[in-house]
Every structure is written in structure tokens, then in C-alpha cells.
Amino acid sequence: MVTENKTADVSFESLLRIFTIPEAPGSALSRIEAKLSQNLNEFLREHIVAEEKPLREIEKDFSEAAIPESPVFVSDHTQHLLDTLVSHSVHTSAPSFIGHMTSALPYFLMPLSKIMIALNQNLVKIETSKAFTPLERQVLGMLHRLIYQQDEAFYSKWMHSAKHSLGAFCSGGTIANITALWVARNNALKATDSFNGVENEGLYSAMKHYGYEGLAILVSDRGHYSLKKTANILGIGQDSLISVKTDKNSRLCIHDLEEKISQLKHKNIKPFAIIGVAGTTETGNIDPIRKIAEISQREGCHFHVDAAWGGATLMSNNHRGLLDGIELADSVTIDAHKQLYIPMGAGMVLFKNPNDMAAIEHHAEYILRKGSKDLGSHTLEGSRSGMAMLVYSSMHIISRPGYELLIDQSIDKAKYFAELINEQTDFELISEPELCLLTYRYVPALTAKALQVADNDQKKKLHRLLNGLTKYVQKRQREEGKSFVSRTQLNPHKWDKMNTIVFRVVLANPLTTKEILQSVLDEQREISNNSGSLMKEITKLTHLILK
Ligand SMILES: *Cc1c(COP(=O)(O)O)cnc(C)c1O
């Protein structure tokens, strides 16, 4: 008989036990923990069921709004979690799950995160984090150096300086982007002899003082949606996030950027920040960073690079050239929970100039006292976990050359998959991979021929039908549960910017094999050809066009 730590009744004594006595060996939870640390992949395979249960069915397990009035045993609850939650989670670490930026994790992060949670440090202030504070500053220093490549003297001077900050660790790219543009806004509207700064007087006074009719942020039409939230929160409004056109490779069009800037200046609207995207969320393309940097400098704008996804490419000496000019950025966002293989909830923003973050410095009496090294004086978030420890550990355990291998093999695999798609007469590559992201769709060989000769009307009709097919196949494939790709809508120049629904693939999992890629295509072909009326309509129109 296994003794439970917690009796299923409510007494202070039993409550004390859950704070003091460790889990009994042999209990259900201990057995699960053992399995988790022995073979993580097997654990996930065993406990996540493949079949797709409709969300409204799952919701029934989570429909009780009343907080339980009686306690249960830990083991019973664990079993409950396995049955209702774990079993219907998404197997994001499966090698055939190639649809999103969330993928497998190295096993050592499981036991290490347990240590992190056990310590329960709060990085807002030294008083609750001690060694975690210099550790986080070091991690920020490492990423800063990866981007800006300053010398050792720079880092020994600034990394641990109480009055300065090389960046901020946060929960993800969204908060990182907000932080970067918050700093940019405050620096653009800073205090003068007769004005106390936007942080004190607010936007209305700031605009009057500086004589602007408005403020704007410029980013390509492929910019991430978090930037809209940013414009909203900063009080300039989403309409002030100005969308710059992109070329056929989804990269910001410099000519249009120049045009938009002069239009804004003509209206006396101050563009205070320009954003370059290094790894667009949908197609993984990289803006011409160096050119945007030159324009930003000339215009006196803050230059931010959103490298949430692509920033990790800097780890590879073979591919870091793709982000040429990133060292000219005033700030850079990098997500550790994407291509640095850290669990969800780890983002960073780095600032070239260690003085920049003074623009958002915040002090309070009981914590964050002036001159203290409390990280909370330069972060948007308050209480924060010791996530930086996992980045620190991964940097040591995997090391820069290890990350280089991971990045290189991902990009190689994407290039291989693009070739494989190009070899098929019935698949069409829509976006070439620049990083490990690509998009494509299924088009029957004869239909591809028909598209070449179709008139405008027929082209539109075929496109609409093919969009329906792509949507259907993506959904069926997900439901079958063998593999998963995501889907998005693009407007390829090749197809006169017609709305085109595509499969989107992210090849970040090192366990994804060439065989899996082949079988993903095979499955999509099979689902397409068994799609019944959808395929019938496509075939009918194809024959009509080719007649
Ligand atoms: C993922 C991503 C973000 C947002 O990051 P979160 O971590 O999801 O908040 C922002 N920009 C780009 C380019 C991204 O890929």
C-alpha cells in the first residue's frame, strides 16, 4: 500500500504535509516522474492519444465552474490529468508535427526546470533572486554579444552595471517588441527644459511640446500582429502602424518605405521607429536590414529588428550573414522559446546602447530602489520566473557550435523539402525557404497546366477551388493525427496577388527525417485524390480549360 501525503479531508495537518513531505516512492506521480525522466518521447507517445476529439467534447471535462469543496489525493488527481488533459494535448515534439514554431525540447530541460521551480526565485528584485540576477544579466550579455559583437571590455563595463541595461528578459516576442517600442517612444519624446517627458506628461502634452501632428511606426505588411497590440498600448493607435509593401519574396520594399516616410513627414507625423523583420512568421523571409538601418539613421528613427523567430540563426557562422546589418539595430527581439529550444515563456529584447532603457526606468521605495541592481526597474513585467537559467544551461550544454548544427540542419532540411516538392508534378512550391520555413500546395499536374493557359476568370475560379482543397486536406491530415502542417493565406506575386491558401511547414525538429517529409506529401496526395466532390469540380474545370 502506498501512503498518500495528503489525506482526502481538509485539516491543517494534512495541508502542512503537502508543503513538507516529498511524494512517496511508488505512488502514481512518482511512477510518472520516473517515466518522464527515463524516456520523455515514449512518455508523450504513450499518453497523448492520436485520435482527434472535437473541442466541444473536451470542453465537457472542463465545464465545472465551482471550486471543489472537497480535496482529492494527489495520485487520483494525477490520473485525472492524464485522462482529460495530457491525453488530449498536442504532441508538439513529434517529428511529424512540422506545422508550427513550437517543437521538441532537449530532455535535460525537464529536470532542470524542476530545480528552477523548486527555487521559486522572483527576478523582479535581488532580495528574491540573488544569484539569478547576475545570471540573467549574463544571458542578456551573451545574446547582446551574439548580435552586436562588442569587445570584452564593453561587457565587463556594462553587463552588471546597476544604472545600465543591455536588454530585458520576458515571456516572449510580444512583450519584447512592446518593450523595444516603449523605449523608442519615450526616447523620441524625452524631457527637455520645458517638458517633463512623455512618461510623466503623457502623449497629448508631448505632441504639443514637440509640435507633431502624430506619431508612426513603420513595418512591412508581413509584420507580426504583436506590433498592432504595441501601437494600441503605446497610445498611438493601430492606424499609426504604417504598413510598407513587400516584394515577391515577402521582404520590405525600400522604395515604398522611402515613399511612406516622406508622406508622413509631409503631414508632420513623426515616424519614431522603423522595424525590420528577420524571419517573417508566415514564410521566414528576412528584410534588407542594412538598408533599413541606413534609412533609420538618416531619419533619426529608432531601428528595431523583430528577430523573434530568425534571431537564433546568428548562432550559425554559416548562415549569420543572412541577417547582415543586424548589428546596426538599436534593438532586437529574440525568442528563446522558438529556435533556441527553450520551453514556452522565454523572450528577450536587446539594446545596442546600454543607456537606452533608462527611458523606461521605474523606481519604487520598497523594491527597485535607485542604484539597486534590481532587474524589475527596467522590465515591463513585474514578478518573473528564473527562466533565464534554462537559456544559460542550454548555452553551456549545447554550446554555440551545437546550435550551429541545429540551425544548419534545419535550413538544409527545408532546402531538401523544397527540392522534393519541386520534383513532384502535382505539388507547387509557393515560397522558397530562406530559413527553415516554406509554403506549398497540392495542384494536380493537369490542373497546373490548365492554370498556365486559363483566362483571368478561370484562374480565379480554379484558385478558389484549390484553396478549398488545401483547407480540406490540412484539416483532414490534422484529424488523422499522423502528421501536422499548418496553413495560411498568402498573396503570391506569381499569382497576381490572388488570395492563395497554402500549407506552411516549419522544420525545426531535428528528429524529422526525409522519410517523414515524403510521407507527408504522400498523405496529402492521397487525401486530395479522395476528396470527392472537391476534386471532381477541379478536374471538370481543368478539362474545360484544356479542351
Ligand atoms: C513569434 C513571433 C512574435 C511573437 O512572439 P511571442 O513569443 O509569440 O509573443 C513576434 N514576431 C515574430 C516575427 C515572431 O515570429
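No value in this document is a laboratory result; all are computed from the given coordinates. In this text, all values refer to a predicted model and were calculated from it rather than measured experimentally. Positions of Cβ are generated from backbone atoms using ideal geometry, with glycine treated the same way; all protein chains shown enter the neighbour counts.
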(message) Please compute the modelled spin-label separation between Tyr416 and Thr128, points set 7 Å along Cα→Cβ, answer in nm with one decimal.
(response) 4.7 nm
(request) Between Phe12 and Arg400, take the C-beta separation as r, use R0 = 56 Å, and let me know the FRET efficiency to the nearest 0.05. (result) 0.60
(request) Return the FRET efficiency for the residue pair Glu258, Asp455: r is the Cβ-Cβ distance, R0 is 35 Å, and the value is rounded to the nearest 0.05. (result) 0.45
(request) Among DSSP beta bridges whose residues both lie in the chain, state the antiparallel percentage, nearest 5. (result) 60 percent
(request) Just grab the label-to-label distance for Phe195 and Phe108, each label 7 Å out from Cα along the Cβ direction, in nm (one decimal). (result) 5.1 nm
(request) Express the C-alpha Rg of the chain as a ratio against the empirical globular expectation 2.2 N^0.38 Å, rounded to two decimals. (result) 1.09
(request) May I ask you to list the aspartates and glutamates whose Cα is less than 13 Å away from that of Lys373, ignoring any residue fewer than eight positions away on the same chain? (result) Glu127, Glu136, Glu361
(request) Give, rounded to the nearest 20 debye, the magnitude of the charge dipole that the stretch 118-397 has about its Cα centre when Lys and Arg contribute +1 at Cβ and Asp and Glu contribute -1 at Cβ. (result) 180 debye
(request) Would you mind ranking Lys352, Lys497 by Cβ crowding within 10 Å, fewest neighbours first? (result) Lys497, Lys352
(request) Starting with the highest mean, order 95-103, 70-78 by the number of other Cβ atoms within 10 Å, averaged over the residues of each peptide. (result) 95-103, 70-78
(message) Order these by the 10 Å Cβ neighbour count, fewest first: His302, His363.
(response) His363, His302
(request) Would you mind calculating the relative contact order of the chain from Cα pairs under 8 angstrom and at least 6 residues apart, reporting the percent as a whole number? (result) 17 percent
(request) Could you pull out every whole DSSP H run in the chain that spans at least 24 Å of Cα extent along its own axis and averages -1.0 or higher on the Kyte-Doolittle scale? (result) 399-423
(request) Let me know the charge dipole size of the chain about its Cα centre in debye, to the nearest 20, where only the beta-carbon of Lys, Arg (+1) and Asp, Glu (-1) is charged. (result) 1160 debye
(message) Of Gln452, Ile342, Leu437, which is farthest towards the positive pole of the chain's charge dipole, taken about the Cα centre with +1 and -1 on the beta-carbons of Lys, Arg and Asp, Glu respectively?
(response) Gln452
(message) Please arrange Thr280, Thr84 by how many other C-beta atoms lie within 10 Å of their C-beta, fewest to most.
(response) Thr84, Thr280
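Calculate the dipole size of the stretch 1-89 relative to its Cα centre from +1 charges on Lys and Arg beta carbons and -1 charges on Asp and Glu beta carbons; express the result in debye to the nearest 20.
Around 220 debye, computed over the stretch 1-89.
Fully extended, how many nm does the chain gain between Met344 and Gln518 (0.36 nm per residue separation, minus their Cα-Cα distance)?
Full-extension gain reported as 59.7 nm.
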(request) Have a look at Leu85, Leu105, Phe73 and report the one farthest towards the positive end of the charge dipole of the stretch 53-154, computed about the Cα centre with Cβ charges (Lys/Arg +1, Asp/Glu -1). (result) Leu105
